[in-house]
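Okay, so here's the structure we're looking at.
The numbers here are math on the coordinates, done by the rules we state, and not lab data. Note that the structure is a prediction, hence the values are computed from the model and not measured. Glycine also receives a Cβ, built like all others from the backbone with ideal geometry; neighbour counts cover every protein chain displayed.
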Amino acid sequence: MEFKHISVLLNESVDALNITDGGTYVDGTLGGGGHSYEILSRNNGAKLIGIDRDSEAIAAAKERLSVYGDRVTAVNRNFCEIKSILQELNIDKIDGAVLDLGVSSYQLDNGGRGFSYMHDARLDMRMDKNAEKTAYDIVNSYACEELTRIFYEYGEEKWSKRIAEFIIEAREKRPVETTFELVDIIKAAIPKSARLEGGHPAKRVFQAIRIEVNDELSILENAVKDFADCLKSGGRLAVITFHSLEDRIVKKAYKDLAQGCTCPKEFPICVCGRAPEIKIISKKPVLPSQKELGDNSRSKSAKLRIAEKL
Ligand SMILES: C[S@@+](CC[C@H](N)C(=O)[O-])C[C@H]1O[C@@H](n2cnc3c(N)ncnc32)[C@H](O)[C@@H]1O
């Protein structure tokens with residue numbers, strides 16, 4: 001299957017990096033290589049390390065970026081391992097990095113991966129096909145309270161408890177094997193009148209299960225802080241998020257890093273010794289233009305936050 005993905009906030013995020021000659025940049029979410037291609041095309045001397053936990057994305061991006069030869073290093077790992085990845089490559093500090101979070105259109109549209117409520121497939125949703133936990137495991141083994149919690153916290157689904165109860169009832173008869181079986185259970189759990197609001201009725205539960213399968217939120221705050229730590233002074237970090245849960249984490253991580261002394265006001269001198277590590281460049285997140293919103297519906301919920309290392 002061809003790797004199809006339209007990069008979101010492409011110019012805005014790459015412009016933010018201020019690509020320089022001879023600079024080393026990291027794309028922590030390589031995907032189809034869209035952001036990486038743009039970074040490499042901006043300067044003949046720039047080098048790029050592209051990371052993705054999905055081996056299919058690595059293969060597709062390697063092919064697309066092959067025109068840039070040895071200026072590209074592709075790494076099939078989790079971006080939360082950024083510090084050890086750079087250490088293994090003997091790179092001390094980098095000039096900039098981009099994270100374009102979530103899944104690619106290729107992953108969603110590839111029916112066999114089980115990410116989408118639009119395609120019938122075995123419940124899977126792993127970005128890294130070698131990871132142990134699948135959507136099947138979660139749907140068929142988590143307790144009702146756990147399912148309710150993840151649907152509520154990660155999907156902001158108001159019918160969480162009812163959907164969890166319907167899943168438990170269904171799996172008592174036989175395991176829930178496929179995406180379409182799960183969609184039917186969700187539809188049956190949500191009252192008909194409520195099913196007409198808020199897009200596809202399975203959208204929020206599928207997002208929640210995907211986040212849980214791939215541990216997407218628990219790694220994010222530390223990962224953002226580690227990326228910031230790896231930047232040279234003046235280096236930029238550009239993070240694109242696609243839902244409020246991710247955006248809140250990135251915003252908080254930036255705020256923590258931008259904060260200086262945390263001593264109580266009544267202290268005559270600073271004893272914490274804390275200095276700000278970054279400057280927040282985008283006080284408000286950068287949003288897609290009207291043109292991009294018209295051209296690519298997937299950009300609808302995207303937000304870009306930019307920080308600069310001090
Ligand atoms: C939105 S796509 C990136 C698309 C890319 N920027 C482009 O323009 O072609 C996100 C990619 O990040 C990968 N990904 C998500 N979380 C990751 C993580 N923690 N570590 C490594 N890769 C991750 C996914 O597998 C997916 O391929």
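Seen through its C-alpha gyration tensor, with square-root eigenvalues sorted a ≥ b ≥ c, the range 1-102 comes out rounded because a/c lies under 1.5.
If the segment from Lys279 to Cys261 were pulled out straight at 0.36 nm per residue, it would be longer than the present Cα-Cα gap by 5.0 nm.
Largest first and in whole Å, the equivalent-ellipsoid semi-axes of the chain read 35, 25, 18, each the square root of five times a Cα gyration tensor eigenvalue.
At a 10 Å Cβ-Cβ cut-off, how would you order Asp109, Asp247, fewest neighbours first? The partial results should precede the final answer.
Numbers: Asp109 17, Asp247 20.
Least crowded to most crowded, the residues run Asp109, Asp247.
When the alpha carbon coordinates of the range 112-214 are projected onto the principal axes, the ranges are 40, 27, 24 Å, largest first.
Straightening the chain between Ser55 and Cys272 buys 73.8 nm, computed as 0.36 nm per residue apart minus the Cα-Cα spacing.
Could you tell me which of rounded, prolate or oblate describes the range 63-128, using a ≥ b ≥ c as the square roots of the eigenvalues of the alpha-carbon gyration tensor, with rounded for a/c under 1.5 and, failing that, prolate when a/b is larger than b/c and oblate otherwise?
Details: a/c = 2.89, a/b = 2.01, b/c = 1.44.
Because a/c hits 1.5 or more and a/b exceeds b/c, the range 63-128 counts as prolate.
Residue separation of Asn18 and Asp229 scaled by 0.36 nm, minus their Cα-Cα distance, works out to 74.1 nm of gained length.
Hey, how many Å between the Cα centroid of the range 180-229 and the Cα centroid of the range 1-28? Answer, in whole Å: 26. The 3J(HN,Hα) values that the Karplus relation (6.51, -1.76, 1.60; θ = phi - 60°) gives for the range 98-112 are, in residue order, 10, 10, 10, 6, x, 9, 8, 4, 4, 5, 5, 7, 7, x, x Hz. Gly and Pro appear as x. Over 31 Å between Cα atoms, which of Lys232/Lys291; Lys232/Lys284; Lys187/Lys284; Lys129/Lys303; Lys4/Lys47 qualify? From the list (Lys232/Lys291; Lys232/Lys284; Lys187/Lys284; Lys129/Lys303; Lys4/Lys47), the Cα-Cα distance tops 31 Å for Lys232/Lys291; Lys187/Lys284.
Scanning the chain for helices, which whole DSSP H stretches are 18 Å or more long along the axis (Cα) and average -1.0 or more by Kyte-Doolittle? Helices passing the filter in the chain: 160-173, 244-258.
According to the calculation over all Cα-Cα pairs in the range 237-310, the P(r) per 5 Å bin from zero is 3, 15, 20, 17, 14, 11, 8, 5, 3, 3, 1, 0 %. Calculated on C-alpha atoms, the gyration radius of the range 169-272 divided by its Kirkwood radius gives an Rg/Rh of 1.20. Using the Cβ-Cβ distance between Lys93 and Met118 with R0 set to 45 Å, the FRET efficiency from 1/(1 + (r/R0)^6) comes to roughly 0.60.
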